[in-house]
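Every number in this text was worked out from the coordinates using simple rules, so none of it is lab data. Bear in mind that the values here come from a model prediction, so they are computed numbers and not experimental data. Note that each Cβ is placed from the backbone with ideal geometry, even for glycine, and that neighbours are counted across all protein chains shown.
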Amino acid sequence: MALSTPTIQIVPVLMLFFFAFRYNDLHVFELQEPTRVIEWIGEKSVCVAGYENSKKNEILQLLLPQKLYVKEKQGLCPERDFKVERGGFSDRPVYSLRHVPNTSLLVTSGPPDSSLQVWQLAAEDTDVVKSVSTIPTGNDSKKPWAKIATTLARTPCVLHGSRVNNVQITEIESKKNIYTAASSISDEVSGLEFLDCNTLLACCVKGQLCLADVRQPQSPLGDTSVPSALSGEQWCMGVSSGLQGSDVNAPAIARLSSGGQLTLTDLRNIPKPLKSARCKVSAASQSAEFLCVSWAPVLDGCLAVSGFNGTVHIYDTRNWPVSGGETEPLFSHKGHIFSGMDNGGDFPLVTTHAWHPWKPRMLLSAASDGSLHVWDWAESHKNS
Amino acid sequence: MPEIKVTPLGAGQDVGRSCILVSIAGKNVMLDCGMHMGYNDDRRFPDFSYITQNGRLTDFLDCVIISHFHLDHCGALPYFSEMVGYDGPIYMTHPTKAICPILLEDYRKITVDKKGETNFFTSQMIKDCMKKVVAVHLHQTIQVDDELEIKAYYAGHVLGAAMFQIKVGSESVVYTGDYNMTPDRHLGAAWIDKCRPDLLISESTYATTIRDSKRCRERDFLKKVHESVERGGKVLIPVFALGRVVFATPGMLHAGQSLQIFRKWAGNEKNMVIMPGYCVQGTVGHKILSGQRKLEMEGRQILEVKMQVEYMSFSAHADAKGIMQLIRQAEPRSVLLVHGEAKKMEFLKQKIEQEFHVNCYMPANGETTTLFTSPNIPVDISLGLLKRESAIGNTPVNNDFPLSGTAILSFRLVSPEQALKELGLGEHQLRFTCRVHIQDPRKEHEMVLRVYNHLKGVLKDYSVQHLPDGSIMVESILIQATAQSEDQGTKVLLVSWTYQDEELGSYLTSLLKKGLPQTTA
């Protein structure tokens, strides 16, 4: 589209950025407090929550603008706004938030200790998210906050822990402990996932992956030594959700380091990574606090990466060079940088991102300035 | 205890018609007078019978205030003033006064001419109604009467929209109408000073939304237009035309230029029509937005609509963040939200209460909320006291500052006349009259003479006069003989003095009660 001169003069930088990067859809919201969690509740709502230390934080369940969850292509829907369906108040900062699928239960965790808070979303007569209970985890306040994952096996359960040797599964309603990892490793955990209701996976900050079968509680958490390629940096993981797809695609785990290294691993052969590449980032991230990597639910082989700066990168792992060197992203979402410019402040840091469950190229991303974007990038015309 | 009462008028829980009754220190004000656009019968009007069953509205209401020209805020005004009956003042800003009659007439035309309704206000009624309007400027204090004053603040939202402060003595209420806190391309953000009203009344219809940025909306809109034009189509955007007008504004595609163009372009699927706002039932705009693609036009002609139909709304309302911002600006003692379902607003209520430590009320339509206000007494605090409190860690928190001190009230000495004037009081005279019985068989006038001589002899330092009409004057005290007595041997004297002469009056009375000396002159 040709922009005539007068238009360029009055169109601010943001508008140019929109046209230049060719989005199908772009929504820019400003939350009152920044969030570092985005968790889907069904297909129409997401939960976000504040992470301030000094005051009460809000947990919000936001209903997506109508046009983002209708199946047919709608024109200009009048409804472009998020609707706050429910809200609650948390005394502590929320660093991690998970929904138990098919229930109205939420579990959150955050400093100052590794205990968990359980919340009830749905109630007939109120829109307040109620605090239901707390799951305490020992008296050691030196443990960092717990990472969590949730599942609905027979009953709602939460997998949680801050170090490999305190990874455990607790039944939410009864608070009964139903599994404890038998491990002596005290390394800090950066992520936990249920691969299925019997298999759990932990990723350590140092980079190791630990796999365990819940049905064999006394067997040690399968640990692996840290491959040299992975040492020195802080790591997090992304697990392909659903893990459906053809047999050719074995369950692949993506690990991301604070230096920008991306490694793909087949769970059947953890010590030998499948593929590697380096993200296009100008500088290594000082901390792994907001590092986030996730697989696209629809686009085969695509990963989203964020946490280094104000951008979210999309990588197509099928195109990675064999050498394992630096790779170009398929797409780069820079919206959070531009919203930072508008506010005249420092460039914000993307705190988290999440893929839309079924729209192939749609993501949500949040940044440290409170911005929350929903974007759908247009397929490049270039042959890739 | 002084109280403020608020009642949102209307039936049921439905949104879409703003009309709020406020009672403050004995004054009654009606805020907005809107029409519900979704109903075709009397349910579209607020239920005015709530105000007074059989009295005249003019006697009951001190004034009516209209916040802006949207029909859900002013649509019922002509019905209210001309058909129900109200002759008092109606306040609104100058732009609102200019635009209201145009929209009202347009709406009337659609309802009566297009839909054939009969129980509706006429053009003359709109004109008569507007004659009762008093236009106000922003930040101008208007004295409605000796005690009631109002002031308009900028609200953004649409041209002429205002928030109003209503003040009686030390009690005040702020009504926001519709407002927005983020500036638009042609309008600024709402603003109010730290006026600390007892109550802030705000709409809460959009309070639970988080708005998409203006630029994204505009981008989407421009993209649509551009795509249409690129593929060879044309885009029609019917808007309200105000100013140089014929009364038929074609904003809802119901008449005029835009309808003609629409008919020409409707058959081509490359074309697009973008409706910019709410369309009243019965208009072509409303029908095509509802999905109708075959329209019956004049002369029973069927028009097939193949062009793309889009709806875009740039109208700006305050979202959750905006409400918090406004409360932070105005610092009200309490907040009242109208037009929200209480069940679905519990979180917002808690949020407001926790953040600002104020009460948050959410009455349903027809429900009255009563607030008790406590009067403010302004007090200067000495620096020494403040420093001492601060040293022990006592500092103000959210406008709460409990502390102990000694209050010294300062006095001024002024002339009584000035005091009366300052307080707005008239001077009253107090006069006492006392009856004294005197044993004296002589005639009245002889008795009076004896009294006179007696008093003259005793009260050598005072002026004692025998007046021509037979009464005696001691200073300003009047002594008169009265004919009323049961027997000849007893005479009755009336001794009368003002409050200022209380001491002398009492002395005189007791002196006379002792009786007259026996010897006669």
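When +1 charges are put on Lys and Arg Cβ atoms and -1 charges on Asp and Glu Cβ atoms, the dipole computed for the protein assembly as shown relative to its Cα centre reaches about 2060 debye. Taking the Cα centre of the protein assembly as shown as the origin and placing charges on Cβ (Lys, Arg +1; Asp, Glu -1), which of B:57, B:386, B:268 is farthest toward the positive end of the dipole? Of the candidates, B:268 comes out farthest on the positive side.
Across the stretch A:189-200, rounded Karplus estimates of 3J(HN,Hα) from the backbone phi angles (6.51 cos²θ - 1.76 cosθ + 1.60, θ = phi - 60°) give 9, 9, x, 10, 8, 8, 7, 8, 5, 10, 10, 10 Hz, Gly and Pro being marked x. For the pair residue B:420 and residue A:91, a Förster radius of 41 Å applied to the C-beta separation gives a FRET efficiency near 0.10, rounded to the nearest 0.05. Using Cα centres only, tell me the gap between the stretch B:411-477 and the stretch B:199-213 in whole Å. Cα centres, the stretch B:411-477 to the stretch B:199-213: 72 Å.
Here's the list of lysines a cross-link from residue A:147 could span, going by alpha-carbon distance under 16 Å and ignoring same-chain residues fewer than 8 apart: A:206.
Sorting B:237, B:90 by the number of Cβ atoms found within 10 Å of their own Cβ, with the fewest placed first, yields B:237, B:90.
Charged neighbours of residue B:458, selected by a Cβ distance under 13 Å, balance to +3 (K, R count +1; D, E count -1). How much net charge surrounds residue B:49 when only other residues with a Cβ under 14 Å from its Cβ are counted (Lys, Arg +1; Asp, Glu -1)? Result for the neighbourhood of residue B:49: 0.
Suppose every Lys and Arg Cβ carries +1 and every Asp and Glu Cβ carries -1, with no other charges. What dipole size does the stretch B:44-189 come out with about its Cα centre, to the nearest 20 debye? It would help to have the intermediate numbers written out before the result.
Working: 13 positive and 18 negative charges, 110 e Å.
Using only the charged Cβ atoms, the result is roughly 520 debye.
Remark: spin-label model distance residue B:504-residue B:302 equals 10.8 nm, labels positioned 7 Å along the Cα→Cβ axis.
Counted by neighbouring Cβ atoms within 10 Å, the residues B:351, B:194 run from fewest to most as B:194, B:351. In this simple spin-label approximation, residue A:175 and residue A:266 carry label points 7 Å from Cα along the Cα→Cβ vector, and these lie 4.5 nm apart. Projecting the Cα atoms of A:103, B:157, A:66 onto the charge dipole of the protein assembly as shown (Cβ charges, centred on the Cα centre) puts A:66 farthest toward the positive pole.
If r is the Cβ-Cβ distance from residue B:25 to residue B:185 and R0 is 45 Å, what FRET efficiency results, to the nearest 0.05? The pair residue B:25/residue B:185 has a calculated efficiency of 0.60.
Could you compute the FRET efficiency for residue A:378 and residue B:397, with r as their C-beta to C-beta distance and R0 at 51 Å, rounded to 0.05?
0.45
With the cut-off at under 17 Å, measuring from each backbone N in the stretch A:93-118 to a point 7 Å along the Cα-to-Cβ line of residue A:54 picks out A:93-94.
Placing pseudo-labels 7 Å out from each Cα toward the beta carbon at residue B:437 and residue B:372 gives an inter-label distance of 5.3 nm.
Restricting the calculation to alpha carbons of chain B gives Rg and Dmax of 36.5, 131 angstrom.
Local charge for residue B:83 was computed over the other residues whose Cβ lies under 12 Å away, with Lys and Arg +1 and Asp and Glu -1, and equals -3. Residue by residue, the stretch A:159-168 carries 3J(HN,Hα) couplings of 9, 8, x, 10, 10, 3, 7, 10, 5, 8 Hz when phi is fed to the Karplus relation 6.51 cos²θ - 1.76 cosθ + 1.60 (θ = phi - 60°); x denotes Gly or Pro. When the Cα positions of B:169, A:308, B:283 are compared along the charge dipole of the protein assembly as shown, A:308 comes out farthest toward the positive end, with charges on each C-beta of Lys, Arg, Asp and Glu. Dividing the summed -39500 (n - 2.57) terms of all DSSP H runs of n ≥ 4 by the residue count of chain B sets its mean residue ellipticity at 222 nm at -7500 deg cm²/dmol.
Charge dipole (Cα centre; +1 on Lys/Arg Cβ, -1 on Asp/Glu Cβ; no other charges) of the stretch A:95-199 amounts to roughly 260 debye.
Among the listed pairs A:56/B:321; A:359/B:214; A:67/B:351; B:151/B:421; B:234/B:306, which are separated by more than 20 Å between their Cα atoms? Please report the intermediate quantities before stating the final value.
Values: A:56/B:321 16 Å; A:359/B:214 24 Å; A:67/B:351 29 Å; B:151/B:421 27 Å; B:234/B:306 13 Å.
Too far apart for the 20 Å limit: A:359/B:214; A:67/B:351; B:151/B:421.
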